[in-house]
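Notes follow the structure.
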Amino acid sequence: MLRTILAAFLSFTLWSTGALAENATRAKGYAIHHNALLTSDLSPEMASRYQIRRSPNRALVNISVIKEEPGTTGKPVRAMVKVTARNLRGQVRPIPLREVRDGEAVYYLGEFLVENGEVDTFDLEVTPQGSSETLHATFEQQFFTR
């Protein structure tokens, strides 16, 4: 059941960004799935289940790493993940992450404060377990608080 809830959570966060395109960066046999959204967009039940504080001025970044395997949807892998957010004023801040696991599913979640209209560029450094190579991904998100 928890696996279904985690899958729904990942699907919700991907859907809720408003983008129809896949939010992933592919590099060297891995897909790094990434997105960010306001925590107030989560249902109270979802936020409670994952111990996420809901607020219109708080955002959540969600990262997962999938090893690409031909003929399959891939295999989730653990990784060392670092996320840094940079806003248009040049302010840089690391986003602390926590790992959420359920069976083979692995997610990295981090919460941080945002202002209305803020645009953040997220720089990801991902070293998949069993690999010595660090992969890089970047994505941007604008937040509209209520």
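A short reminder: the numbers here are calculations on the coordinates, not readings from a lab. Model, not experiment: these values are computed from the prediction. All Cβ positions, glycine included, derive from the backbone under ideal geometry; neighbour counts span all protein chains shown.
Among Tyr107, Tyr50, the order by Cβ neighbours within 10 angstrom, fewest to most, reads Tyr50, Tyr107.
Rounded, prolate or oblate: pick one for the range 2-142, where a ≥ b ≥ c are the square roots of the eigenvalues of its C-alpha gyration tensor, a/c under 1.5 means rounded, and failing that, prolate if a/b is larger than b/c, else oblate.
Numbers: a/c = 1.74, a/b = 1.23, b/c = 1.42.
Cα axes put the range 2-142 in the oblate bin.
So, in Å, what gap is there between the alpha-carbon centers of the range 23-67 and the range 100-139? Value for the Cα centre distance between the two parts: 9 Å.
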